[in-house]
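Colleague: Please read through the structure below; I'll follow up with questions.
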Amino acid sequence: MSAAPTADVRIARISADPIRLAEHADAIDDSRMGAETSFVGRVRDHDPDARGAVAALEYTAHPDAEATLRAIAARASEAHGALVAVSHRVGRLQVGEPAVVIAVAAAHRAEAFAACRDVIEDIKRELPVWKRQLEADGSAEWKGLGG
């Protein structure tokens, strides 16, 4: 009988510091894994709901956000036998800056892609991080739960 799968979360961080994809890729580097995938969510210069151009985003996190992020990563890791490294920024981010970075390694590509997708979708649904969208005309709008 084989042991039950366990979560292997290498990074689960909420931080005001810039996020580096290379750090996350290094964290999941493992010779047992045959597939790696990543996701970088960047601040874009537009939003379908905006009146004009987006100038920046300001992210605010609940004090429990990092624990929630770790739980999200652990769930995906366990479900897919994957290594997971994930970070979400807080504070003011300019257009082009990464707001969320996810790196996943698994034995096979299907599991790697599935784990990465699960992490980002669960972040959008569950992570207590809110964003304030700052538009070029000086207006601002709060967006809902998630990154």
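Colleague: Spot the failing condition for Glu36; the list is (1) assigned to a loop (DSSP other than H, G, I, E, B); (2) under 18 Å from Arg109 (Cα atoms), and only one is missed.
Modeller: (1)
Colleague: Something else now. Looking only at residues that are under 14 Å from Lys131 (Cα atoms) and in contact with a strand residue (DSSP E or B) (Cβ under 6 Å, 6 or more places away or on another chain) in segment 55-67, which one is surrounded by the most Cβ atoms within 10 Å (Cβ to Cβ)?
Modeller: Only one residue tops the list, namely Leu57.
Colleague: Sticking with this one: I need a count of the residues in segment 65-91 that are closer than 15 Å to Ser15 by Cβ and touching a residue at least 40 places away in the same chain (Cβ under 8 Å).
Modeller: Number of matching residues: 13.
Colleague: What are the residues in segment 96-123 that are surrounded by fewer than 15 Cβ atoms within 10 Å (Cβ to Cβ) and either part of a helix (DSSP H, G or I) or at positive phi (or both), if any?
Modeller: Within segment 96-123, Gly96, Arg109, Ala110, Glu121 meet the criteria.
Colleague: Also: How many of the residues making up segment 46-60 are more than 21 Å from Leu21 (Cα to Cα) and touching a residue at least 12 places away in the same chain (Cβ under 8 Å)?
Modeller: The total comes to 9.
Colleague: Could you tell me which residue of segment 18-38 is farthest from the chain's Cα centre (by Cα), considering only residues that are open to solvent by 70 Å² or more (accessible area, probe 1.4 Å) and without any contact (Cβ under 8 Å) to a residue 12 or more places away in the chain?
Modeller: Within segment 18-38, the match that is farthest from the chain's Cα centre (by Cα) is Ser31.
The values are calculated or read from the model by the stated rules, or taken from the named source; none is laboratory data. Please read these numbers as outputs of a predicted model, since none were measured by experiment. Every residue, glycine among them, receives a Cβ derived from its backbone with ideal geometry; neighbour counts consider all protein chains shown. Surface areas here come from the heavy atoms of the whole protein model, side chains and all, with no ligands, DNA or RNA. Shrake-Rupley method; radii C 1.70, N 1.55, O 1.52, S 1.80 Å.
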